[in-house]
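To start, the structure itself, in structure tokens.
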Amino acid sequence: MKKFLSLLLIAVLVLSLFSCGTEDKGSVYWLNFKPESDPTLQELATMYTEKTGIEVKIVTAASGTYNETLTAEMDKSEAPTMFVVGNSAAVDTWGEYCLDLTGTKIANELNTDAYMLRDADGKLCSIGYCYECYGIIVNKALLAKAGYSIDDIQNFDGLKKVAEDIHARAKELGFDAFTSAGMDSTSSWRFTGHLINLEYYYESVDNPEAWTSCPATLTGKYMDNYKNLWDLMINNSSVAPSELATGGFDANSEFATGKAVFYSQGNWEWSSLSEKGMQAEDLTMIPYYCGVKGEEKAGLNCGTENYWAVNANASEADIQATLDFMYWLVTDEEASRMAVDTFGVMPYKNAAASSNPFLAIANEYAANGHYNMWWATNYQPNVDAYRATVVSAMNAYNANPTDANWSAVVTAFIDGWATQYKAANN
């Protein structure tokens, strides 16, 4: 009997050791939405693996291809465990794949409830991992060389006067007003996703009840204001409007090397601009001045489409590994510092403080009573198909800026919204 018990004990110990040695710790596969953050995220993945032994794979979708990449990756046997569900349309598409994050440690770390996306049943599908701001970045040093200051630009009339004068003197000054506005996929989102937000935003101010979810139709009331700013950008640049369709321009380098005063972009550009030698004290960001009454009190466009979701269809081990990795990113001192430096800011209680000067400017506008232009553009239905039609119409207008061609741009934005809304909602 004693011999039997001894053998049994040995067998249990062996099985126990074998079980511990083969325990599935899970792994993380993050399909990243932000190409500019890829180098930092790869470094963070390596750090976490070295610290915990858990594999972290980060794949970054090329700019403008996230939806297609996500669809392809989700069909694979080893699908992403961590991905982006960034707006209500994405919730409709991917909600069933999303783990309910209610009550998780990572969700409990949020310092605001402003960045939570839920489905119709109230399931917490995704949570914001950074928020951002965009507008028009200004090189104040070049502006001063042209004889102006930010005080001269408090509305569209001021911006127009300054931009047109700089463009007229471009050869004399050695720089132009605006950077290129390329319409290829690496750049067109700045104008079909960002700049157009001014039209959506001001519509939402007129009719806030219609914008608690994706509206079925738009009025187009502020398309003339969009045209004001678009025409100013493309007609006061070193690149002819007719050349914009081909793309291939590098607006970031144009701005960083002092070839233009104004650059339509967001806070995420700070990292690359600073690496290229630009100083925070020489830069600022101004709102989308477009001729709307009272715009002297406008602020920047602040919001996010960067929301983390966790794949509910992943294994329990992979889900837990992913949740643990996310928690580490926002609570570990070194990791959160690196993440914040690439993302700009993270809305979590224990994340590092932001050092991004453009986000500080956004906060300054708000503190001074300026209104925030929220990201109404996140409601764009069937976003890729919608924007593709808009880009085509804008290219025709850029090549031949007639009233008829502008009417086609309005149709693409306004009627195209209704068409894609119906397609998305059957």
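Read-outs: derived from the displayed coordinates by stated rules, not from any lab. Quick caveat: nothing in here was measured; it's all calculated off a predicted structure. Reconstructed Cβ throughout: ideal geometry from the backbone, glycine too, with neighbour counts over all protein chains shown.
Observations
- Between SER185 and ASN350, the modelled label-to-label distance comes to 4.0 nm, taking each label 7 Å out from Cα in the direction of the beta carbon.
- Our Cα-only numbers for the chain put the radius of gyration and Dmax at 24.5, 102 Å.
- Across LYS123/LYS221; LYS171/LYS297; LYS34/LYS227; LYS160/LYS221, pairs whose alpha-carbon gap is larger than 31 Å: LYS123/LYS221; LYS171/LYS297
- Segment ASN111-GLU316, length gained on full extension (0.36 nm per residue, minus Cα span): 71.1 nm
- Student exercise, the range 304-426 dipole from Lys, Arg, Asp, Glu Cβ charges, in Debye to nearest 20: 440 debye
- Of the DSSP H helices in the chain, those that are both long (alpha-carbon extent of 27 Å or more along the helix axis) and hydrophobic (Kyte-Doolittle mean at least 1.6) are 2-21.
- Ranked list, fewest to most other Cβ atoms within 10 Å of each Cβ, for GLU296, GLU316: GLU316, GLU296
- DSSP finds beta bridges in the chain, and of those with both partners inside it, around 65 percent are antiparallel.
- Computing FRET efficiency as 1/(1 + (r/R0)^6) for SER407 and ASN368, where r is the C-beta to C-beta distance and R0 is 45 Å, gives about 0.70.
- Fraction of alpha-carbon pairs over 23 Å apart in the range 57-162 - percent: 51 percent
- Here the scattering of the range 257-318 is modelled by Debye summation over its C-alpha atoms, one equal scatterer each and no solvent; at q = 0.26 Å⁻¹ the log10 of I(q)/I(0) is -1.22.
- With the charge dipole of the chain set up from +1 on Lys and Arg Cβ and -1 on Asp and Glu Cβ about the Cα centre, the Cα lying farthest toward the positive end among the listed residues ALA396, PHE325, THR81 is that of PHE325.
- When the chain is described by a simple charge dipole with +1 on each Lys and Arg Cβ and -1 on each Asp and Glu Cβ, the residue from GLY135, GLY103, TRP268 located farthest towards its positive end is GLY103.
- Using the Cβ-Cβ distance between ALA62 and ALA280 with R0 set to 30 Å, the FRET efficiency from 1/(1 + (r/R0)^6) comes to roughly 0.50.
- Each Lys and Arg Cβ is given +1 and each Asp and Glu Cβ -1; about its Cα centre, the chain then shows a dipole of about 300 debye.
- Loop-resident sites, the range 176-230, for trypsin sites (Lys or Arg not before Pro), counting at most 16 other Cβ within 10 Å (DSSP): LYS221
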